[in-house]
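> Supplied in structure tokens, the structure appears directly below.
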Amino acid sequence: MSRHLVFLGPPASGKGTQGRRLAEEKGLAYLSTGALLRSALRDDTELGKKARPFLERGEFVPDEIMVPMVLEWTAAQSDGWLLDGFPRTVPQAEALDADLDHEPQAIILHVPDDELRRRVSSRLECVDCHRVARDGEVETCPKCQGVLAPRADDGSANFENRLEAYRRLVIPTVTYYCDRWRARIVNGTGSPDTVYARVLG
Ligand code: ADP
């Protein structure tokens, strides 16, 4: 398996759950652009101020903001990395390819829309470390004991916007990786362990 991986998939497809686990087990640096943006919003940083209107509407943050931020992070890594939620658009994928000697491999999680809607209605996230949990399963974050709360952007109108943005902007990026024989589409339904076994396979 390549040591430069990108995870693509619709909202609530399990990119964070699978990506974090794979990165931990393979010793890869891990970046979730969504988690990074939510922290920036919470701390009201310059990035947070710029990103807030887009996140509140369920729209993508513009490439001009995302691309330099992520390329700065990848440049600072001395070994392998795994990106969760980047690239989303074709220009983001092109920028990542143009900047690197190595060509990242894409893992695409496929989950039907109805299953995504079901998942998002019960998803919680740790406000500190951004680990995902399911409502009713645990009281506090299993990793850092932080407070678990629903994501502000998981309301149904926002979620439908993100699903629409996925179809319009991310599916062409999936095609970009398929055309270059650098994509693996993984069935993302079933338990986290079942999906993880498929990711490794
Ligand atoms: P989900 O996949 O459930 O939408 P993420 O945590 O991956 O959750 O992303 C949350 C939000 O952060 C996205 O809806 C989008 O507004 C923003 N975002 C994350 N990554 C990117 C990116 N690469 N380009 C543009 N916007 C992004």
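The values are calculated or read from the model by the stated rules, or taken from the named source; none is laboratory data. Fair warning: this is a prediction, and the values are worked out from it, not measured in the lab. Ideal geometry is used to build each Cβ from the backbone, glycine not excepted, and the neighbour counts take in all protein chains shown. These area figures cover heavy atoms from the full protein model, side chains too; ligands, DNA and RNA do not enter into them. Shrake-Rupley method; radii C 1.70, N 1.55, O 1.52, S 1.80 Å.
> Looking only at residues that are away from the ligand (no atom under 11 Å from the Cβ) and of a type in the set (A, V, I, L, M, F, W, C) in the stretch 1-21, which one is least open to solvent (accessible area, probe 1.4 Å)?
5
> Sticking with this one: Examine the stretch 22-43 for a residue that is more than 12 Å from the ligand (Cβ to nearest atom) and within 22 Å of residue 155 (Cα to Cα), and state whether such a residue exists.
For the stretch 22-43, residues more than 12 Å from the ligand (Cβ to nearest atom) and within 22 Å of residue 155 (Cα to Cα): present.
> If I filter the stretch 59-68 for residues that are in contact (Cβ under 8 Å) with a residue 12 or more places away in the chain, open to solvent by 40 Å² or more (accessible area, probe 1.4 Å) and more than 9 Å from the ligand (Cβ to nearest atom), do I get at least one hit?
no
> Whether any residue in the stretch 79-92 is free of Cβ contacts under 8 Å to residues at least 12 places away in the same chain and either open to solvent by 10 Å² or more (accessible area, probe 1.4 Å) or in contact with a helix residue (DSSP H, G or I) (Cβ under 7 Å, 6 or more places away or on another chain) (or both) is what I want to check.
Among the residues of the stretch 79-92, not one is free of Cβ contacts under 8 Å to residues at least 12 places away in the same chain and either open to solvent by 10 Å² or more (accessible area, probe 1.4 Å) or in contact with a helix residue (DSSP H, G or I) (Cβ under 7 Å, 6 or more places away or on another chain) (or both), which makes the answer no.
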